[in-house]
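Some notes on the structure that comes next.
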């Protein structure tokens, strides 16, 4: 049997946020709790996780369970409070619905910028821009303001940019929630192709049927930890 290759892993990963907000609150709490440890709110603790080549992991959990924070730590956007993240290849991250949706830019400028945000050089982004535009069905609207696009069309810019990016691991935070069925079907077929190439995806959504369709493995954030779903 061929040994599975780890592309992304965490060891004893944890993230906490300070409960203190603003100068007045900080000063007041220091006076009231002089000498005590600062208030911390743990989002998740001691998470050991491995993402293997050729799998699409669906990450489930309610609002505030830690899914988005976990992806941000994996993508290097946010520093963990403890533990470490080990990345074995290029990671492309679509970590907010704002990717591809900068309203003060034209469509073509958004296409170029979005590619740069997920790892392309400026030259690569410009060269691939016509392919990305065609994939998003926006070739005839390159000079239009992005503000004129629907929410779904903006999401397609980010996902189409990913379609033309040579990544090993892709992190998608609710990126598929706003696109239509036709584009989801296209992206589902593309995902299956990526998995056969040994690439991997980790995605979140509040649509369970979407996660069941795309995911080859399902995990849930609950009570500050990550558990496997049978």
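List of remarks:
- Separation between Cα centres of the stretch 72-86 and the stretch 119-163, rounded to whole Å: 29 Å
- Beta bridges assigned by DSSP with both partners in the chain are antiparallel in approximately 55 percent of cases.
- Degrees separating the helix 107-117 axis from the principal Cα axis of the chain, which is the longest one: 50 degrees
- With the convex hull of the Cα atoms taken as the outline of the stretch 92-145, the averaged projected area works out to 3.5 nm².
- Nitroxide proxy distance, nm - points 7 Å out along Cα→Cβ at residue 184 and residue 122: 3.9 nm
- Cα-only radius of gyration and Dmax that characterise the stretch 93-194, units Å: 12.2, 35
- By the compact-protein rule of thumb, 2.2 N^0.38 Å, the alpha-carbon radius of gyration of the stretch 182-230 corresponds to a ratio of 1.27.
- Taking every alpha-carbon pair within the chain, the share separated by more than 26 Å comes to 43 percent.
- Note on residue 143 and residue 217: the extension gain reaches 22.6 nm, defined as 0.36 nm multiplied by sequence separation minus the Cα-Cα distance.
Read the figures in this text as sums done on the coordinates, not as results from a lab. Predicted model, so just to flag it, every value in this text is computed and none were measured. With ideal geometry, Cβ positions are generated from the backbone for all residues, glycine too; neighbour counts draw on all protein chains shown.
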